[in-house]
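Derivation of every value follows stated rules applied to the coordinates shown; laboratory data play no part. Since the model is a prediction, treat every value here as computed from it, not as a measurement. Please note: Cβ atoms are built from the backbone with ideal geometry, for glycine as well, and neighbour counts cover all protein chains shown.
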Amino acid sequence: MSTVQEARSMVMTLSASERASLAHELILSLDDPMDTQLTASQEVEIQRRLAVVREGTASGRPANEVFADVRKKYV
């Protein structure tokens, strides 16, 4: 059995949330942050949103609602 197959077998024993977290980390590992160039206004917006989250005043929506809206708009 190959290393990839062994890893896949082990990963499939994890819970759905653990697999999602791992998948997220793996996807991020494919991106080189140095390839991303933000405009000044994008950087300002990121910092604003980060401050809202850190202050605890951010509001969110359940993912199923967000995905339903995306499906309506694009599918």
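Between residue 59 and residue 35, what is 0.36 nm times their sequence separation minus the Cα-Cα distance? Round to one decimal in nm.
5.6 nm
Net charge near residue 26: determine it from the other residues with C-beta under 14 Å of the C-beta of residue 26, scoring Lys and Arg +1 and Asp and Glu -1.
Cβ neighbours under 14 Å give a net charge of -1.
Measure nothing but the geometry: give the 0 to 90° angle between the long axis through the Cα atoms of 63-74 and the longest principal axis through the Cα atoms of the chain, rounded to 10°.
Here the helix axis deviates by roughly 80 degrees.
Contour minus end-to-end for residue 42 and residue 11, with contour as 0.36 nm per residue of separation and end-to-end as the Cα-Cα distance?
Going from the current span to full extension adds 7.6 nm.
Sorted by average packing, counted as other Cβ atoms within 10 angstrom per residue and highest first, what order do 62-73, 29-40 take?
Final packing ranking: 62-73, 29-40.
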